[in-house]
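Peer 1: Encoded as structure tokens, here's the structure I'll be asking about.
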Amino acid sequence: MRLLVLGFLVLSLAAKAQGQAKDLFSHYRDTLYQIQIIDLESKSKSSIGSGFQINANGLLVTNYHVVSDYVFHPDKYRIEYLDNQGKHGELSLANFDVINDLALVQKVDNDAISSALPLAQQLPEQGSNIYSLGNPHDLGMIVVPGTFNGIKARSFYQRIHFTGAINPGMSGGPVVNAQGEVIGVNVATAGNQIGFLIPLDKLVALVQQPQEVSSAKKPDYMPLLGQQLSANAESFMQALFAQPWHTTQLGEAQIPDTIADFVSCWGDSNASEADARYLSVQSSCRTSEQIYLRNKLQTGGLEMEFEWINAPKLGSARFYRMYSKGISNAGPGNKATTEDVTDFSCQHELVSNTSELENKVILCTRAYRDFDDLYDVFFIAASIDHDDKGLISHFTLSGVSQASATEFSRQFMESIQWQL
Amino acid sequence: MAVVIEILARNGKVLEHHVVDKDVVSIGRGYHNDVRLTDPYICEQHLRIEDTSGVLHFEDNSSVNGTLKNGRVTLRGELGWSDKLIIGRTHLRIFHSREKPVSPTLRFHPLEAKLAWFNQMPLAIGLTLVVAALAILREYLDSIEKFSLADALPSVFMLMLLACLWPLLFGLLSKLNKKEARLTPLFSIFWIAVLLMVVIQFGLKVINFNLGPGSWQPWFETLLETLVLFSLLWLSMFISLQQSRTRRNSISAGLVLSGLGIMLLSQYGGDRSDYSKLEYSPLLLPPVLQLSSPVNTDTFMQDAATIFEQANAQREQRER
């Protein structure tokens, strides 16, 4: 009898969740829009995303990455919405936050009757049911129920961890709680029912900023984008330098590893290979997210890699030949095209740090064409003070100022030493 | 002073050379002629040449197929160095030996005596062995797995065989010109050029590693290698082909420069990818070859300010 009651309870709860999703969708579908980026040349959409209205003035929220083509080339694209009834209308870009992947777009011809989604006061409790809305693969608006799992651990760029399927095209759609209030914005998926959302506070912060609807004939968003990137780079570097770097042992060397709590590290070695002619132990650390600026341009990330090689069987001459090959094909952690950045310029020198570890150091940098004092730095070095063993160290730091890049490189080089 | 009769190939090359010191010279198929030709289209007494105080006249003795002077049927007339006669199927050049003085005798090139040194068989064999040893050493250095000589030998042997094509080619050219092949000096100078290339590349590697790769280095390396290649080509031609100095100079310069041109074109002509380029020198050398003393971290970071300037300069270049 008890079992029966329990079973009934479970069934009715599931039915309630489904019912809520149904209600939500019918209630709020008027506030959902498909955001389309129209290529002025071909007059057809070049990319799509989702968006939702948050006030009666016709202000819509979407992802920055949905409108990134327009931000870089406002003269080549136009932003449009497609509403629930199949009606098209023009949108203007009101504001954006590239770091948190948010954009506000304004209906140019707003009819006051359109409805809006309210923003929640706070995030729900961990484990609550939440509902992601959007337009996946251009198939029409859908609702995906899922679970709120709190703010993702170990990340510099804060994201809500959502258990539910977010698919391409749902980017920019709202995520609401059971009361139908917005608690986040769809942004990315890690596959297998793991989704990421922009948390509520980032959205509130952007909405509370004064909205500057650019009325210029040829708006230029690069200065604003540059400001946001520089400010973020500053706080990113501050977070990296906040505490003394944690180091760990790799072979006979001491190397930095989890230098901040948002840097996660992994290790590997060939010790289990019976016929290996030398020992190779690796450590690799990286930040989990980068900032999406536009197609083929990501920034704001850090990766560090180390490899300890010990090859007493090879002898000096053969070891150094293999060692050279070991550092010959490295590349930067973020790819970028020559339209956005310059080619790398490199400095090669033999350097001995204060712990008397001798390295051949190669430091390379490239400048961002659209932004002042913003660089990617690529570093690779190999210790050269032993005959048949050595340490390869590498990092890529993207989207930082020259001063930060210099300071980071200096600290990185000084933090490596031989085990005493 | 005498009448010279040369029998020519179609391309102008001299096949036979006859000198007759008489005022009247007869040419034909009969055995009594001063110059007898076996061409079946020539008559028994075909042509008569007369030397009138240094000027030559010819006369066709009513032959069946006639005589052509410079391509036209001509039965009698004057003759000289610049005229070409055809009787039957045979091409002739007939002139007075006084008419064509030979060019002055060439002095030996100062190198001629020194080249004798390269002509020692033990030297050539010794150099061959040194190069083979270097090739084996390279195989050894590139091996990470256990090195075995038996595995390395076939590829070293193929490489050496391929390298031998150069001296053999020049030897063949020499033979085709009916001269001695002189393979010993050809091999000696070829191996010396190979060794020079190895020394140049090794030296530049040590400089590159210790001082960093300057932008002058690729140019300097190309310059040195071009000089070695030019010298090798020049000497090979000097040994195997007997040609005038200007001809030899211009052929070797032309070949080397066109090779260089093709190399440069292939380097700078290709399409580049859309992605920003990262080029650095990954060269690492063992501690024994570290000749310069390392700088400290602060100095390195100060020096690195230049790469930011370079990146900025590139950025401004595009903006303009």
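Peer 1: Provide, for q = 0.07, 0.10, 0.13 Å⁻¹, the log10 of I(q)/I(0) from a solvent-free Debye sum over equal Cα point scatterers in the stretch A:228-418.
Peer 2: Cα-only, vacuum Debye calculation for the stretch A:228-418: -0.21, -0.42, -0.70.
Peer 1: Would you look at the GNM of chain B, springs on alpha carbons closer than 10 Å, and say which of B:MET301, B:MET121, B:MET158 moves the most?
Peer 2: Answer for the Gaussian network model of chain B: B:MET301.
Peer 1: Lone cysteines in the protein assembly as shown, defined as no other cysteine's Cβ under 4.7 Å from theirs: which are they?
Peer 2: B:CYS43, B:CYS164
Peer 1: Solvent-accessible area per residue for chain A at a 1.4 Å probe radius, Å²?
Peer 2: 43
Peer 1: Which whole-number percent gives the relative contact order of the stretch A:228-418, counting Cα pairs below 8 Å spaced six or more residues apart?
Peer 2: On the way: 383 pairs, mean separation 41.8, N = 191.
Contact order relative to length: 22 percent.
Peer 1: Considering every pair of different Cα atoms, what Kirkwood radius, in Å, is found for the stretch B:3-99?
Peer 2: Result for the stretch B:3-99 stands at 13.1 Å.
Peer 1: Roughly how many percent of the accessible protein surface of the stretch B:186-249 is carbon and sulfur, given a 1.4 Å probe and a whole-percent answer?
Peer 2: Values: 2300 of 3250 Å².
Carbon and sulfur atoms account for 71 percent of the accessible area of the stretch B:186-249.
Peer 1: Of the residues B:ALA152, B:ALA253, B:ALA304, which exhibits the maximal mean-square fluctuation in a Gaussian network model of chain B defined by a 10 Å Cα contact cut-off?
Peer 2: Per the Cα network of chain B with a 10 Å cutoff, B:ALA304 tops the list.
Peer 1: Have a look at B:VAL256, B:VAL102, B:VAL228 and tell me which one the Gaussian network model of chain B (Cα, springs below 10 Å) gives the largest fluctuation.
Peer 2: Highest fluctuation of the listed residues: B:VAL102.
Peer 1: Summarise the accessible area of the stretch B:3-99 (1.4 Å probe, protein heavy atoms) by the percent that is carbon and sulfur.
Peer 2: Of the solvent-accessible surface of the stretch B:3-99, carbon and sulfur hold 47 percent.
Peer 1: Just to make sure I understand: if all protein chains stay in place, what is the order of A:ASP83, A:ASP109 by accessible area at 1.4 Å, largest first?
Peer 2: Values: A:ASP83 30, A:ASP109 95 Å².
So, going from the largest accessible area down, we get A:ASP109, A:ASP83.
Peer 1: Once you keep just the Cα pairs under 8 angstrom separated by 6 or more residues, what percentage relative contact order results for chain A? Intermediate results must be reported in sequence, preceding the final value.
Peer 2: Working: 938 pairs, mean separation 47.7, N = 420.
Reported as a whole number, the value is 11 percent.
Peer 1: Which value at 222 nm does chain A reach when only helices count, each DSSP H run of 4 or more adding -39,500 (n - 2.57), with the total divided by all residues and rounded to the nearest 500 deg cm²/dmol?
Peer 2: Rounded to the nearest 500, the figure is -7000 deg cm²/dmol.
Peer 1: Right, something else. For the stretch B:279-307, state which residues have at least 50 Å² less accessible area in the presence of all protein chains than in their chain by itself, taking the probe as 1.4 Å and leaving out ligands, DNA and RNA.
Peer 2: When all protein chains are present, B:TYR280, B:PRO282, B:LEU284, B:PRO286, B:PRO287, B:GLN290, B:PRO294, B:VAL295, B:THR297, B:PHE300, B:MET301, B:ILE307 each give up 50 Å² or more of accessible surface.
Peer 1: Expressed as a fraction of 2.2 N^0.38 Å, the rule-of-thumb size for a compact globular protein of N residues, what is the C-alpha radius of gyration of the protein assembly as shown?
Peer 2: The value comes to 1.55.
Peer 1: If you don't mind, there's one more thing I want to ask. What accessible area per residue, rounded to a whole number of Å², is obtained for chain B using a probe radius of 1.4 Å?
Peer 2: 62
Peer 1: Ordering B:HIS18, A:HIS394, B:HIS32 by how much accessible area each has at a 1.4 Å probe, largest first, what is the list?
Peer 2: On the way: B:HIS18 50, A:HIS394 10, B:HIS32 105 Å².
Result of the area sort, largest leading: B:HIS32, B:HIS18, A:HIS394.
Peer 1: Need the per-residue list for the stretch A:397-416: every residue with at least 30 Å² less accessible surface in the complex of protein chains than in the chain by itself, probe 1.4 Å, sorted by number.
Peer 2: At a threshold of 30 Å² (probe 1.4 Å), the residues of the stretch A:397-416 that become less exposed are A:GLN402, A:THR406, A:ARG410, A:MET413.
Peer 1: Then there's this: How much length is gained on full extension from B:PHE220 to B:GLN45, taking 0.36 nm per residue of separation minus their Cα-Cα distance?
Peer 2: Length gained, B:PHE220 through B:GLN45: 56.0 nm.
Peer 1: Can you give me the Kirkwood hydrodynamic radius for chain A, using every pair of distinct Cα atoms, in Å to one decimal?
Peer 2: Result for chain A, one decimal place: 24.0 Å.
Peer 1: Give the long-range amide H neighbours of A:ALA253: residues separated by 5 or more places, or on another chain, with amide H under 5 Å away, using H modelled in the peptide plane at 1.01 Å from N.
Peer 2: A:GLN419
Peer 1: What number, in percent, do you get for the relative contact order of chain B if the mean sequence gap of Cα pairs under 8 Å and at least 6 apart is divided by its residue count?
Peer 2: Across chain B, relative contact order equals 10 percent.
Peer 1: Looking at the stretch A:353-376, which residues lose a minimum of 30 Å² of accessible area between their chain alone and all protein chains in place, measuring with a 1.4 Å probe and not counting ligands or nucleic acids?
Peer 2: Checking the loss per residue gives A:GLU358, A:LYS360, A:LEU363, A:THR365, A:ARG369, A:TYR375.
Peer 1: Between the stretch A:359-393 and the stretch A:213-286, how many Å separate their Cα centres?
Peer 2: 14
Peer 1: Rounded to two decimals, what is the ratio between the C-alpha radius of gyration of the stretch B:266-320 and 2.2 N^0.38 Å? Mind dumping the intermediate values first?
Peer 2: Numbers: Rg = 16.6 Å, N = 55, 2.2 N^0.38 = 10.1 Å.
Normalised Rg, Cα atoms only: 1.65.
Peer 1: Could you look at the stretch A:228-418 and say what percent of its accessible area is carbon and sulfur, using a 1.4 Å probe and all protein chains?
Peer 2: Carbon-and-sulfur percentage of accessible area, whole number: 44.
Peer 1: Chains B and A: what accessible area do they bury, summed, in square angstrom to the nearest 100, with a 1.4 Å probe?
Peer 2: Numbers: alone 22540 and 20580 Å², together 37980 Å².
When B and A are taken together, about 5100 Å² of accessible area is lost.
Peer 1: For the stretch B:244-295, max minus min Cα coordinate along each principal axis, in Å, sorted largest first?
Peer 2: In descending order, the Cα extents are 55, 39, 16 Å.
Peer 1: What is the distance in Å between the Cα centroid of the stretch B:81-153 and that of the stretch B:260-307?
Peer 2: If we compute the Cα centre of each part, the gap is 39 Å.
Peer 1: Ok, one more. Round to a whole angstrom and tell me the spacing of the C-alpha centers of the stretch A:102-169 and the stretch A:304-348.
Peer 2: For the stretch A:102-169 versus the stretch A:304-348, the Cα centre distance is 42 Å.
Peer 1: Sticking with this structure for a sec: Which links in A:LYS43/A:LYS296; B:LYS146/B:LYS205; A:LYS43/A:LYS76; A:LYS87/A:LYS107; A:LYS76/A:LYS202 stretch past 19 Å when you go from one Cα to the other?
Peer 2: Numbers: A:LYS43/A:LYS296 23 Å; B:LYS146/B:LYS205 26 Å; A:LYS43/A:LYS76 10 Å; A:LYS87/A:LYS107 12 Å; A:LYS76/A:LYS202 29 Å.
Checking Cα-Cα distances, A:LYS43/A:LYS296; B:LYS146/B:LYS205; A:LYS76/A:LYS202 exceed 19 Å.
Peer 1: Express the C-alpha Rg of chain B as a ratio against the empirical globular expectation 2.2 N^0.38 Å, rounded to two decimals. Numbers along the way, then the final one.
Peer 2: Working: Rg = 32.5 Å, N = 320, 2.2 N^0.38 = 19.7 Å.
Compared with the compact-globule rule of thumb, chain B sits at 1.65.
The values are calculated or read from the model by the stated rules, or taken from the named source; none is laboratory data. As the structure is a prediction and not an experimental result, all values here were calculated from the model. Methodologically, a virtual Cβ is constructed for each residue, glycine included, from the backbone with ideal geometry; neighbour enumeration extends over all protein chains shown. Just so you know, the surface numbers come from the protein's heavy atoms only, side chains and all, with ligands and any DNA or RNA stripped out. Shrake-Rupley method; radii C 1.70, N 1.55, O 1.52, S 1.80 Å.
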